[in-house]
Structure formats: structure tokens, C-alpha cells
Amino acid sequence: MAKTTWNVDTVHSEIGFSVKHMMISRAKGTFNNFDAVIEADPDNLTDAIIEINIDASSIDTRNSGRDDHLRSADFLDVENHPKITFKATDIKKKSESNYDITGDLTISGTTNSVTLDTTFEGQSKDPMSGNMVAGFSGETKINRKDFGLTWNAALETGGVLIADEVKITFEIEAQKAE
């Protein structure tokens, strides 16, 4: 199959994250608004063009006070950096359906190279629209301090309020453009 354009179906897609909270549990959240440019042959992603743009202000942890703090200059600084972006720079096939997608991730104006452990979940024809649909899932871990996100608070019992390591996950469903 030749490389074609795929449009992300945000209703059936999710970009999420989790971070250890108070040294004992995990705080989780998602970004509700994002889009992507995907030009790919799902059978061989090694030459795909992948660019993801996330509206940083759409962060949602199901706690409005925490969300407001995450939008502030202490964290995402959405007033000055409204977008989180990822642009693939290298894609390596690891197995039949697994890839390492390396790219430039920009958060709060700081860019670092990260690798997404990605699984191609397959393709199917959507019975409602008749379009071909492809699914992708994956994850990576980043150190938030590498992106200038250094705010924290010491706990009376030892340790810190927020861990440095953040796990980022994604589930993407994309429809082949006509």
C-alpha cells in the first residue's frame, strides 16, 4: 500500500498521562483537544510523516483546581506556550506490528527527543462510513524536569508531592482520507 493521509478520529482517540502523586498513588489525566498530520502506509510506518499538536489548555485531570495549576507558569504555562507538539524524526520497525517512533517533543517551549513504543493495532473498514480505519497505541516515559517543569512540594513524611517521571500514553484511531 502507498503512503496516504490519515485523519485522527478524536472521538475514538486519547492522549493521556500519569505521574506518581505523594509517593503512593498516580494522578492521571488526558488532553481533550488535539489533532495530527499522519501520512503513512500502515503496513510499513518507517517512512511515515507524523506530527501531533495538543491544545495544552485542554488538560483534564477531573479536578479543576489542579487543572488550573497545571495550566499555570508552574507547569505548562499555556498563556505563553499554548501547544504541546510532537514531530517524528525516525521510525524503526521492531516486529510485525511494533515500532519505535522517535521525534521532537515540545512542552512549555522546551524540545527534547523522545521515543514512543508504538503498536499498529490493525486496519478495518468502518461499516458506517465505508472508510478504512487504522489503530495505533503506545507509550513513553519522560522526565518532566527535562522540559523545565520543576515545581514541586516536599512532603512532611518525606519525599515529594509529584514524581519526576511522567508516563504518556496514546490510543489513536485514524480514518483514511478520501
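The values are calculated or read from the model by the stated rules, or taken from the named source; none is laboratory data. For clarity, every value in this text was computed on a predicted model and none was experimentally measured. Cβ coordinates were reconstructed from backbone atoms using ideal geometry, including for glycine residues, and neighbour counts include every protein chain displayed.
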*Counting only residues that are part of a strand (DSSP E or B) and within 14 Å of Gly109 (Cβ to Cβ), how many does the range 69-97 have?*
3
*asked:* Between a residue in the range 112-125 that is under 13 Å from Gly138 (Cα atoms) and any residue that is of a type in the set (Phe, Trp, Tyr) and not in a strand (DSSP E or B), which pairs come within a Cβ distance under 6 Å, given they are 6 or more apart or on different chains?
replied: none
*Scanning for something under 14 Å from the mean Cα position of the chain (by Cα) and within 20 Å of Phe170 (Cβ to Cβ), does the range 59-76 turn up at least one residue?*
yes
_Cβ pairs under 9 Å, 6+ apart, first in the range 14-29 and within 11 Å of Asp164 (Cα to Cα) and at pLDDT 85 or above, second not acidic (Asp, Glu) and not in a strand (DSSP E or B)_ = Val19/Arg144
*Please verify whether the range 6-24 includes one or more residues that are surrounded by 15 or more Cβ atoms within 10 Å (Cβ to Cβ), assigned to a strand (DSSP E or B) and of a type in the set (Asp, Glu).*
yes
*Odd one out for Thr118, checked against (1) at pLDDT below 85; (2) closer than 22 Å to Asn53 by Cα*: (1)
*Can you name the residue in the range 25-37 that is of a type outside the set (Ser, Thr, Tyr) and more than 14 Å from the chain's Cα centre (by Cα) and is also surrounded by the most Cβ atoms within 10 Å (Cβ to Cβ) among such residues?*
Ala27
*Just to be sure, is Ser113 surrounded by fewer than 14 Cβ atoms within 10 Å (Cβ to Cβ), in a strand (DSSP E or B) and at pLDDT 95 or above?*
yes
*With (1) in contact with a Ser or Thr (Cβ under 6 Å, 6 or more places away or on another chain); (2) under 15 Å from Gln175 (Cα atoms) as the list, and Asn53 as the residue in question, which single condition is left unmet?*
(2)
_Residue that is surrounded by the fewest Cβ atoms within 10 Å (Cβ to Cβ) [pool: residues in the range 145-164 that are modelled with pLDDT under 90 and not in a loop (DSSP other than H, G, I, E, B)]_ = Ala154
*Does Arg62 satisfy the condition of being among the basic types (Lys, Arg) and surrounded by 14 or more Cβ atoms within 10 Å (Cβ to Cβ)?*
no
*Only one residue in Lys93, Lys176 is buried (at least 16 other Cβ atoms within 10 Å of the Cβ) and touching a residue at least 12 places away in the same chain (Cβ under 8 Å), so which one is that?*
Lys176
*Given the conditions (1) surrounded by fewer than 18 Cβ atoms within 10 Å (Cβ to Cβ); (2) touching a residue at least 12 places away in the same chain (Cβ under 8 Å); (3) not hydrophobic (A, V, I, L, M, F, W, C), report the number of the one that Ser72 does not fulfil.*
(2)
